[in-house]
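What follows is a single structure, written as structure tokens, with notes after it.
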Amino acid sequence: MGFGRLNIRRLIPGDGTIHMEWEHKREYVREGGEFLIQIWELASGGPGGGSWIYRVPQDVRSFDAGNLCNGIDYVISLSGYQRNVKVAQASARLFRPCPAPGVTVAYCHPEDYTFNSSGRSTCSPSLLRLPNGRLLASHDFYWSRGGQNLSHVYCSDDDGATWHFLSEIHPCFWPKTFWHQGKVHMLGCATEYGSLELFRSDDLGRTWSAPAALLEGHEEKRPDLPGPHRNPTPLTVHNGRLWGAVEFGTWEIPTKLDAGVISVPLEADPMIPANWTVTPFARYNPDYPGAVKGGDPAHLEGNIVVTPDGGLVNFMRYQTNGADPDYGKALLYRVDKDNPGAPLEFDRIIDFPGNLSKFNIIRDDEGRYITLVNRVNIPWRSQRNILSLSVSEDLYHWRIVKDLLNYQENGWPEGYKQVGFQYADLFLEKGDIYCLSRTAIGGAHNFHDANRITFHKLENYRRFLHGDSSAS
């Protein structure tokens, strides 16, 4: 019996370092086995004489190396040997060492084709605390015009200090994990504009059920045809139901994405599609009061949020590039909490800094609304190299109170078109903010096509809420 198939499950470059974890599909004989690891510079063209070779025992599943050069692309290979005979070979992987903020959960070099059936960029982070204290992190793999159909799940049992690969789900894109009826669930799409699907895990994220299709889309990725669209925004419990935002459309058509809401009674089995209600989809109207003028505006990535008076709104990212004004607005629809199948009604357009990237809004135990946004402080409105804490007491008036990450003004050598901290998912616990970021740094394809998923924790966030409201 040999090693069976080898898989490198985590490859995490650090400041002059590399950390690797792997698994194999079958047990192998109990003596005479070992793993051989080789590292070489990509520019050298192959292992040759310029490689580092390491041998580790058969019972080891992780490896660390240092004394590497930041900013240099390396190749790492992993082989399994049995009595000096190679019996298994993992796909070689690329990496570039670089210091990065927070704790890196997942990494993919933009020229690493290991997951290319889905993509080469880490995307769509989702973060969840389980009742047993474990943290779950998930993300998908994205690439423009790629398959966009694979998601990975990781776990941490030490409050985010270290992470380990747990499972993968296919086909699944835009995954959002949440706890419901005593089990972990994941809501996503089969691919971009594919069917909206719900998965369930009976073992805390290690294995997953077959998907339940809540809203039909395309069996294959068809960006030219409309279908469901949903990023990992929160699922909200209110008025006896579980609510979530969903859009329908495609960026390829002039009307882009129409806004909708799905919901299910709390006591109903969510894996039965007939138990869900979907509202009619609302099309953006440029004549809405307060709407931006000109450009090509759209709305997407809605948050279902309970209002201070107990109502419900779909609080949407308002894409205003090229319009007047071209930044700083959000659009809200009213949701009928007592008639979940009723059409959405336009509520208002408000000032909202950081509207040009996805955000998740949650409410703290004192009634404040909290989110993490990409504030913009340069004329290039797509800037995402600043991640900031924003707060509102009434949901309609927002202020930036603290920069968690600011790589525009810290002297970082990569410019704003190469660095991004974006699409942050978060939860609050004991006065602290836990967050997961789609992070582009240290050799990403660009600011948008990230190469890392990073975990961050801001302790005692309330200390920033009552002082100067300017960013710091």
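The numbers here are math on the coordinates, done by the rules we state, and not lab data. In this text the structure is predicted, and so the values were computed from the model without any measurement. With ideal geometry, Cβ positions are generated from the backbone for all residues, glycine too; neighbour counts draw on all protein chains shown.
Below, the figures for the structure above:
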read-out	value
Farthest toward positive dipole pole in the range 119-180 [+1 Lys/Arg, -1 Asp/Glu at C-beta], among GLY119, HIS180, ILE169	GLY119
Net charge, ASP269 excluded, C-beta distance under 13 Å - Lys, Arg +1, Asp, Glu -1	+1
Extension gain, ARG55 back to ARG348 (0.36 nm per residue minus Cα-Cα distance, nm)	99.2 nm
Neighbour cut-off at most 10 other Cβ (10 Å), DSSP loop, trypsin sites (Lys or Arg not before Pro), the range 356-439	LYS430
Pairwise label distance in nanometres, GLN89 with ASN285, each label 7 Å out on the Cα-Cβ vector	6.3
Vicinal HN-Hα couplings computed from phi for the range 294-306 (Karplus, 6.51 cos²θ - 1.76 cosθ + 1.60; Hz; Gly/Pro x)	x, x, 9, x, 7, 10, 6, 6, x, 10, 8, 10, 7
Which listed pairs, of LYS329/LYS417; LYS256/LYS329; LYS183/LYS221; LYS417/LYS457, have C-alpha distances above 27 Å, in listed order	LYS183/LYS221
DSSP-loop chymotrypsin sites (Phe, Trp or Tyr not before Pro) across the range 346-450, with at most 15 other Cβ within 10 angstrom	TRP380
Residue exposure sequence - HIS139, HIS466 - by fewest surrounding Cβ within 10 Å	HIS466, HIS139
Kirkwood hydrodynamic radius (C-alpha pairs) into Stokes-Einstein, the chain, 25 °C and 0.890 mPa s, D in µm²/s	106
Local net charge near ARG283, Cβ-Cβ under 14 Å (Lys/Arg +1, Asp/Glu -1)	-3
Derived scalar couplings ³J(HN,Hα) [the range 86-91; Karplus, 6.51 cos²θ - 1.76 cosθ + 1.60; whole Hz; x for Gly, Pro]	5, 10, 7, 9, 7, 4
The range 276-285 - phi-based ³J(HN,Hα) in whole Hz, Karplus 6.51/-1.76/1.60, Gly and Pro as x	8, 10, 10, 6, x, 8, 8, 8, 4, 10
Residue-count net charge about LEU372 - beta-carbon cut-off 11 Å; Lys, Arg +1, Asp, Glu -1	+1
Listed peptides 81-90, 8-17, 313-322 by packing density, highest first (mean Cβ within 10 Å)	313-322, 8-17, 81-90
Extension gain from THR255 to ILE378, taking 0.36 nm per residue of separation minus the Cα-Cα distance	41.4 nm
